[in-house]
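Worksheet: one structure, shown below.
The values are calculated or read from the model by the stated rules, or taken from the named source; none is laboratory data. In this text the structure is predicted, and so the values were computed from the model without any measurement. Using ideal geometry, Cβ is built from the backbone for each residue, glycine included, and neighbour counts are taken over all protein chains shown. Surface areas here come from the heavy atoms of the whole protein model, side chains and all, with no ligands, DNA or RNA. Shrake-Rupley method; radii C 1.70, N 1.55, O 1.52, S 1.80 Å.
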Amino acid sequence: MRFQWITTTATRCITKEMIASAASALYVSPVASYGTRIGLGPKAKPLHLSQKTPKLFKGFNGLKAAALVSCESDTSFLGNGRNATVWVWESFKPKLGRPNLRTKSQLKPQASSFKVAVLGAAGGVGQPLALLIKMSPLVSAVHLYDIANVKGIAADLNHCNTPARVLDFTGESELASSLKGVDVVVIPAGIPQKPGMTCDDLFNVNANIVRSLMEAVADNAPDAFIHIISNPVNSTVPVAAEVLKQKGVYDPRRLFGVTTLDVVRASTFVAQKKNLKLIDVSVPVIGGHAGITILPLLSKTRPSVTFTDGEVEELTVRIQNAGMELVEGKAGAGSATLSMAYAAARFVESSLRALDGDGDVYECSFVQSDLTELPFFASRVKLSRKGVEAMIPSDLQGLTDYEAKALEALKPELKACIEKGVSFVHKQTAAAASG
């Protein structure tokens, strides 16, 4: 059979016959960005035709499933990678001169075996995040946990015709059950930053929440990838690490502070400033996840672009203060919720691709690191089935004078934030022992 290649923004792998007969049956991975090349990995390669089913899942469009033809690219629907899949459905088979062999079993949706738990699922980030995770073809189950109001959210999501099943867990008595058998744990639990609230105010509340949840994670899902969203990430990730150490299950490769929103913002703001196609732009962001600890490496923007000194200063400050931009814009009614959920879902998708064996997954994350003298540091890392496979030290080489000075300036503040998290857990442990 000869194939004629048809080029569009998003695909280059569908024949004329398929286009004519399967237009209504064509399924694109949920939330797909046309031609998505977001992320920091190599530039996307042309899509290619495959008659092999990607392992662990078959196509699903909410009504029927098939494993006939797929077009695989180097981009996922929320980041760079190779598992974004366009499925051409069983319905075009008759047009190709093949018998229509659809059976009842072929109409059953089939998904991957990965399970994701969202702790804090009823919140402003948790709800949209749960929706985006449910839309991933790599997910078979989403476990939603919160102290209240989860049952209705799960029921609502289960009305969406994507394969993943959503289960609800309410209250401390069901926390352990929510974590059984999961591959990824995402923690957006806690309160958002409000106008006038200092990092100390935020830390005092959220550190206790993260510590409590991490004790349950250590007991029930010690081998899972753990994504910390609860702010301040610069301190809550060390809190999580200390809890895992005390429980004897700490694997630094599997603990991540989610800083993807900084990368998303940096790429967006640069594309707007320079009038570039957003799908082409990626900007590595290093350091931490608050204020001046956020350092976008504009000199390493892809594609290469020139900035004036004024533009570097303006963009860096905006990226660093983007969170407060939303807090003020929402007049105290919230902070980053939708954009945070999007960024967190992208990092979940990248983790799932790595767990699925994709060998070309790169993301920025706040992790235990040896790139600097600090014990934790946000930088670009390569992910694998085991978690962090490698740091990318080249990202810290060849910095501009502005970036080099900013890197040194952020270290004292980031160091203090890390030490605060470590100290918090030790004080809590000592108090519990003496009490």
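How much accessible surface area, in Å² rounded to 10, belongs to the heavy atoms of R302 with a 1.4 Å probe?
Result for R302: roughly 110 Å² accessible.
Given a 1.4 angstrom probe, I'd like the percentage of the accessible area of region 324-435 that is carbon and sulfur, rounded to a whole number.
The nonpolar share, carbon plus sulfur, comes to 56 percent.
Could you report region 127-194's accessible area per residue, 1.4 Å probe, as an integer in Å²?
42
What is the total of Lys pairs in region 244-343 with C-alpha atoms under 25 Å apart, excluding same-chain pairs fewer than 8 positions apart?
Numbers: K273/K300; K273/K330; K274/K300; K277/K300.
Within region 244-343, the lysine pair count is 4.
Could you tell me the accessible area of F169 in Å² (1.4 Å probe, neighbours in place), rounded to the nearest ten?
30
Based on the mean of other Cβ atoms within 10 Å per residue, sort peptides 350-363, 284-297, 387-400, 416-429 so the most packed one is first.
Packing proxy ranking, top to bottom: 284-297, 350-363, 416-429, 387-400.
Just name one of P303, A336, S351: the one whose Cα is farthest towards the positive end of the charge dipole of region 298-435 (beta-carbon charges, Lys/Arg +1, Asp/Glu -1).
Selected residue: S351.
With the other protein chains left in place, how much accessible area per residue, in square angstrom, belongs to region 323-398 at a 1.4 angstrom probe?
35
What is the spin-label model distance, in nm, from V317 to S113 if the labels are put 7 Å beyond Cα along the C-beta direction?
Taking the two extended label points, one gets 5.4 nm.
Give the distance, in whole Å, between the Cα centre of region 224-244 and the Cα centre of region 351-382.
About 14 Å separates the Cα centre of region 224-244 from the one of region 351-382.
Subtracting the Cα-Cα distance from 0.36 nm times the residue separation, let me have the gained length for S177 to K330 in nm, one decimal.
Full extension from S177 to K330 adds 51.5 nm.
Based on the alpha-carbon gyration tensor of region 286-435 and its eigenvalue square roots a ≥ b ≥ c, which shape applies: rounded if a/c is under 1.5, prolate if not and a/b is larger than b/c, or oblate?
Numbers: a/c = 1.36, a/b = 1.18, b/c = 1.16.
Rounded shape, in that the Cα axes give a/c under 1.5.
Multiplying the sequence separation of A155 and L338 by 0.36 nm and subtracting their Cα-Cα distance, what value in nm do you get?
Gain on extension, A155 to L338, equals 63.8 nm.
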